[in-house]
Amino acid sequence: MEETRMATTSTSAASSSQADSLRETERGRLRALVAADIEGAKKLHAPDFQLIPPIGAPLSRDEYLGAIATGQIRYLTWDPNEIAVRLYEGAAILRYCARLEVVFGGHKVPLSEYWHTDAYEHRDGQWMVVWSQATAVR
């Protein structure tokens, strides 16, 4: 299965390096969310970020990070499997399955698997997530 595709004429080594950098950026984003490090997470989420969680109600960056800051959303575990990356000029799509345990609105959601698809854009010299969608594995 092909994990990385580049829509430009960059070398394979460069695209592999960018894909690895994006994987580490995503892992860092997840660590910040689990730690409720709002300032760290804010740097990795574009101002126009939008999350579509499994319940289907869209959240803006401020709504999402605000819910984490107030404890409305509290991640206990977010353990991604292998992260697939598709690179394009100035953009990337990441997809992975992860084991996630969260407290949402005071109710603990047991450890479960979710598919995550994240769209990143390269803005102001760094990769930032702009769209994110999570789908529960039933």
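Could you tell me which residue of segment 55-74 is nearest to Glu39 (Cα to Cα), considering only residues that are of a type in the set (Ser, Thr, Tyr) and surrounded by fewer than 18 Cβ atoms within 10 Å (Cβ to Cβ)? Spell out the reasoning first.
Here is the first cut: in segment 55-74, the ones of a type in the set (Ser, Thr, Tyr) are 60, 64, 70.
Narrowing further to those that are surrounded by fewer than 18 Cβ atoms within 10 Å (Cβ to Cβ): 60, 70.
On the way: Ser60: 16, Thr70: 14 Å.
By that ranking, first place goes to Thr70.
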* Residues located in segment 16-45, provided they are in a loop (DSSP other than H, G, I, E, B) and modelled with pLDDT under 95 -> none
* Asked: Any chance segment 55-78 includes a residue that's acidic (Asp, Glu) and part of a strand (DSSP E or B)?
  -> no
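Name the strands (runs of 3 or more DSSP E) wholly inside segment 88-138 in which the number of residues that are of a type in the set (Asp, Glu) and surrounded by 14 or more Cβ atoms within 10 Å (Cβ to Cβ) is 3 or more. Step through it out loud before you land on a result.
On the way: elements: 91-104, 107-123, 126-136.
In segment 88-138, 107-123 are the strands (runs of 3 or more DSSP E) which contain 3 or more residues that are of a type in the set (Asp, Glu) and surrounded by 14 or more Cβ atoms within 10 Å (Cβ to Cβ).
The values are calculated or read from the model by the stated rules, or taken from the named source; none is laboratory data. Fair warning: this is a prediction, and the values are worked out from it, not measured in the lab. Using ideal geometry, Cβ is built from the backbone for each residue, glycine included, and neighbour counts are taken over all protein chains shown.
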